[in-house]
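Asks: Mind having a look at this structure? Questions to follow.
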Amino acid sequence: MIVRPKQFYIVAMMLTLIALSFPLQAMWLYGHGYNEFSAIFNKISFLNWMVIGVLLVGAYLHLKASPWLKGIAPVTIGLVALNNYVVGHYGADYSMGQTVMATMSFSLLFVPLFMPSSRLVLADPKRRWWARAKRYHKRVSATLNPYVGEMVHSHTFDISKTGAFFCLEGASIEGDVPAIGERVRLHLHVNSMKKIRVEAVVVRIAEPDGRYPRGMGLKFVGIDKDQQKSFQKFLQANMDNIL
């Protein structure tokens, strides 16, 4: 998915607000001012702090659309239910009926995790395309130099700070192309005077699909510091062509 599903943003915001509500409740119930930090924090129990912590972790994981949500969601619901039971059973501020309703309402926050778009992303983190580095649609003359096999002269179709798509259409290839997982050296001829060398790994082989030509996806795994500076300058100069 190119864009993060909106439900992850919404639930993350709700969890954060609930976490922040604990000190606000202490202020409201016991009449403390906003500057009475010590008195407010003394009203927050250890169990409350555990709930606040797990809520904030859950908010962070929602923003990342992390598969860890499948584990943290039941833990969060369980801690909130325990906290609300203690408040309803031993406290005087809320009745048991109110805390049970609060727990049930809170549990509904995690219903969006069962939406098709959420399940798709949580089942396969590789679909979190919004988290990838920005790619620039840039044709750069390049030479692919496998550790085993012949060099291939062609060009990039797009490029980012973490990888590139190396075009094989029209390229003169003798023998087999590098296989997925194979390490290669890529020479980017950014101009007639400048060449950037990077170590890369083949992560996919693609056939033309109307949007992309025949080629291979490369993930950069090594570049020296001097070359890195030149590469960053090159990307900055081509920011107008973001895919």
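The values are calculated or read from the model by the stated rules, or taken from the named source; none is laboratory data. Bear in mind that the values here come from a model prediction, so they are computed numbers and not experimental data. For neighbour counting, all protein chains shown are included, and Cβ atoms are generated from backbone atoms with ideal geometry for every residue, glycine included.
Asks: Please specify each residue of segment 78-120 satisfying the condition of being within 18 Å of Met13 (Cβ to Cβ) and in contact (Cβ under 8 Å) with a residue 24 or more places away in the chain. Can you show your working first?
Replies: Quick first cut of segment 78-120, residues within 18 Å of Met13 (Cβ to Cβ) only: 80, 105-113, 115, 117-118.
Residues satisfying the conditions are Val80, Phe106, Ser107, Leu109, Phe110, Pro112, Leu113, Met115, Ser117, Ser118.
Asks: What strands (runs of 3 or more DSSP E) lie completely within segment 128-243 and have 3 or more residues being closer than 30 Å to Ser66 by Cβ, at pLDDT 80 or above and outside the structural domain of Lys64 (by TED's automatic domain parsing)?
Replies: Numbers: elements: 141-146, 152-159, 163-167, 183-191, 194-206, 215-222.
Once the strands (runs of 3 or more DSSP E) in segment 128-243 are filtered for at least 3 residues that are closer than 30 Å to Ser66 by Cβ, at pLDDT 80 or above and outside the structural domain of Lys64 (by TED's automatic domain parsing), what remains is 163-167, 194-206, 215-222.
Asks: Just to be sure before I move on: is Leu61 buried (at least 18 other Cβ atoms within 10 Å of the Cβ), assigned to a helix (DSSP H, G or I) and in contact (Cβ under 8 Å) with a residue 60 or more places away in the chain in the structure I sent?
Replies: Details: buried (at least 18 other Cβ atoms within 10 Å of the Cβ): yes; assigned to a helix (DSSP H, G or I): yes; in contact (Cβ under 8 Å) with a residue 60 or more places away in the chain: no.
Judged against the criteria, Leu61 is not a match.
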